[in-house]
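Just so it is clear, none of the values below were taken in a lab; they were calculated from the coordinates. Values in this document were obtained by computation on a predicted structure and should not be read as measured data. Every residue, glycine as well, gets a Cβ built from its backbone with ideal geometry; the counts of neighbours run over all protein chains shown.
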Amino acid sequence: MERYHATDDRPVSYPGREGHKRPRVDIEVILCKGMRPLFHFECKRLGEGNPVGKYLGDDGLGCFLTEQYARECGEGGMLAYVQSDACASWASKIASSMLAERSKYRIQAGTTWESYAIIEELPDCFRTLHTRPSLGPITIYHSFLLFYEPSAS
């Protein structure tokens, strides 16, 4: 991390929203030297009381699709904190919902939900490509992290 800096709950610039009304990105990572590319993560719980709709909604993936986050970058990340069931099960539900409404989630023509191994230790990672109204395409990396101890059956 000596070349990167991460902050949480950072307000970001967005036209028409100033001061306390600015969007707040869950995690922002910047490169400390040279050009300073940004990478934004939106984090969402998945489990009881935290359904797929919250992950895909206005305060989830919608933050990227409405150009609130990653305004200076063509990539962003969704982190899912899985608190029930299996990561693969949640990934499948999210993929199904997104692909059933491709235009709503602005999925780029000719692309789909695809497995995308960032590192071997994180097997439940995926990638989607989306269009945005004025900033051009954006690639979203979806990572599902297990945040509970499954009971042994």
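In this structure, is G136 over 14 Å from G76 (Cβ atoms) and either in a loop (DSSP other than H, G, I, E, B) or out of contact with any Ser or Thr (no Cβ under 8 Å at 6 or more places or on another chain) (or both)?
Values: over 14 Å from G76 (Cβ atoms): no; either in a loop (DSSP other than H, G, I, E, B) or out of contact with any Ser or Thr (no Cβ under 8 Å at 6 or more places or on another chain) (or both): yes.
Answer is no for this residue.
Results for (1) in contact (Cβ under 8 Å) with a residue 60 or more places away in the chain; (2) under 13 Å from the mean Cα position of the chain (by Cα); (3) surrounded by fewer than 16 Cβ atoms within 10 Å (Cβ to Cβ), shown as yes or no for each residue.
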residue	(1), (2), (3)
R17	no, no, yes
H40	no, yes, no
K44	no, yes, no
G57	no, yes, yes
Y69	no, yes, no
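Considering each of A70, A91, A80, A117 in turn, give the residue that is in contact with a His (Cβ under 8 Å, 6 or more places away or on another chain) and either of a type in the set (D, E) or part of a loop (DSSP other than H, G, I, E, B) (or both). Break it down into steps so the answer makes sense when it comes.
Numbers: A91 fails: either of a type in the set (D, E) or part of a loop (DSSP other than H, G, I, E, B) (or both); A80 fails: either of a type in the set (D, E) or part of a loop (DSSP other than H, G, I, E, B) (or both); A117 fails: in contact with a His (Cβ under 8 Å, 6 or more places away or on another chain).
Exactly one of A70, A91, A80, A117 is in contact with a His (Cβ under 8 Å, 6 or more places away or on another chain) and either of a type in the set (D, E) or part of a loop (DSSP other than H, G, I, E, B) (or both), namely A70.
Only one of (1) of a type in the set (A, V, I, L, M); (2) assigned to a helix (DSSP H, G or I); (3) touching a residue at least 40 places away in the same chain (Cβ under 8 Å) fails for L99. Which number is that?
(3)
Out of all the residues in segment 83-98, is one or more farther than 14 Å from P137 by Cα, aromatic (F, W, Y) and surrounded by fewer than 17 Cβ atoms within 10 Å (Cβ to Cβ)? Give the steps one after another, and end with the answer.
Step one: of segment 83-98, the residues farther than 14 Å from P137 by Cα are 83-98.
Next, from what is left, pick out any that are aromatic (F, W, Y): 90.
When the remaining residues are screened for being surrounded by fewer than 17 Cβ atoms within 10 Å (Cβ to Cβ), the result is none.
No: segment 83-98 contains no residue that is farther than 14 Å from P137 by Cα, aromatic (F, W, Y) and surrounded by fewer than 17 Cβ atoms within 10 Å (Cβ to Cβ).
Test D26 against the criterion of being touching a Cys at 6+ places or on another chain (Cβ under 9 Å) and acidic (D, E), and give yes or no. Steps first, please.
Numbers: touching a Cys at 6+ places or on another chain (Cβ under 9 Å): yes; acidic (D, E): yes.
So D26 fits the description; yes.
Restricting attention to segment 28-67, which residues are within 19 Å of R3 (Cα to Cα) and either among the charged types (D, E, K, R) or part of a loop (DSSP other than H, G, I, E, B) (or both)?
E28, C32, K33, G34, M35, R36, P37
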